[in-house]
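The next block holds one structure in the form of structure tokens; read it before the comments.
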Amino acid sequence: MKKLKLPLVSIIIVNWNGGEVFKDCLSSLSKIDYPNWELIVVDNGSVDGSETLPSNSKLIKNKENLGFAKANNQGYEKTKGKYILLLNNDTNVKPDFLMKLVERIEMEKEIGVIQPKIYMMDDPERLDNAGSFLTRIGFLEHWGFGEKDGPEFEKEKEIFSAKGACMLIRREIIERVGLFDSDFVSYFEESDFCWRVWLAGYKILFYPKARIYHKVGFTIRRLDVINLNFHYYKNRISSLIKNLETINILVILPLHLLISFGIFLHMLLRGKFKESLIIIKAIFWNIIFLPKLLKKRTQVQKMRKVSDKELFKKVLLPVKWKKFYGDFQRVEEDLKRIK
């Protein structure tokens, strides 16, 4: 690809007290070989000095932490690029990662979003994420999480959802389907967005030739975990209501709610009263705001070009119950931090 034809890429980073980790992220960005990019940083009320930025960046300062979804939407309003790169503040990037992503997405107009291979920064032989897939119970399976890198992850692959830690998006996609649902605050907002991208007739691609590193757990360890897990349950339910066809809502949503209620009972019987209530709270939130959700659902279904049947053939995986239980145990470990 000739340098004169390289399109502008707008990089959005949401920062909240990123400290030295964020500075390392900016340092790695300064070494990339892609020549045509701009940086927009949305600071969510940092008080650790990490809101000090390079002179060539655009800064949006919030007085408080508005969450990942709303902050990225704010950043998007300041962008000018043909492509939008969402990047976490706790990542380190390879010098050629952006060049590789742009080269690949430019080759195929049907690609709406592309994700690199994401390694764990603190255990670089293992993957953080190679993309996520939908299951028949409405939960996601995160492909490659915690696994050692190997041949399985060396080929590009269509995925249901890219990870918000690093995803390159065509601007025209956002203009058609919007970016993140601000009501989601944090968690599942990128999967909800990717779902709309698929329904609009584009695809999401995992591209392993581009590589970055992610300091897994850096942000979550400093957040209100009870509130975060409330959004973890609330947002999945909302996304199912908004994006599924009616017949699949009638099948998948009851299963999802039944399993969620089972998790509630499991926590309650183990004496985790406060933790268990987040699931009931999440369900009631969706009941209270159902009229608003149904309006959003109408908008999504109007722009639909792909049926659930077509989409499921590509991105639906059978439930791996052992892995699903392991994911649940990781959430429980996070909740222990509130003690």
> Name the residues in the stretch 180-191 that are surrounded by 23 or more Cβ atoms within 10 Å (Cβ to Cβ) and out of contact with any strand residue (DSSP E or B) (no Cβ under 7 Å at 6 or more places or on another chain), would you?
Replying inline: F180, F184, S186, F188, E189
>> Being out of contact with any Lys or Arg (no Cβ under 7 Å at 6 or more places or on another chain), among the β-branched types (V, I, T), under 30 Å from K94 (Cα atoms) and not in a helix (DSSP H, G or I) is the requirement here; does V216 meet it?
In response: yes
>> Any residue that is modelled with pLDDT of 95 or more, outside the structural domain of W321 (by TED's automatic domain parsing), more than 14 Å from R236 (Cα to Cα) and touching a Pro at 6+ places or on another chain (Cβ under 6 Å) - is there at least one of those in the stretch 181-199?
In response: no
> If you go through the stretch 118-158 one residue at a time, how many are of a type in the set (A, V, I, L, M) and more than 18 Å from K323 (Cα to Cα)?
Replying inline: 3
>> Restricting to the stretch 63-90, and then to whatever is surrounded by fewer than 19 Cβ atoms within 10 Å (Cβ to Cβ) and modelled with pLDDT under 95, can you tell me which residue is farthest from the chain's Cα centre (by Cα)?
In response: K63
> Can you pull out the strands (runs of 3 or more DSSP E) entirely within the stretch 117-207 that have at least 2 residues that are among the hydroxyl-bearing types (S, T, Y) and within 19 Å of L87 (Cα to Cα)?
Replying inline: none
> Among the residues of the stretch 213-225, is there at least one that is in the same structural domain as D123 (by TED's automatic domain parsing), closer than 30 Å to M107 by Cβ and touching a helix residue (DSSP H, G or I) at 6+ places or on another chain (Cβ under 6 Å)?
Replying inline: no
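The values are calculated or read from the model by the stated rules, or taken from the named source; none is laboratory data. Note that the coordinates shown come from a computational prediction; the quantities given were computed from them, not determined experimentally. Positions of Cβ are backbone-derived with ideal geometry, glycine not excepted, and every protein chain shown enters the neighbour counts.
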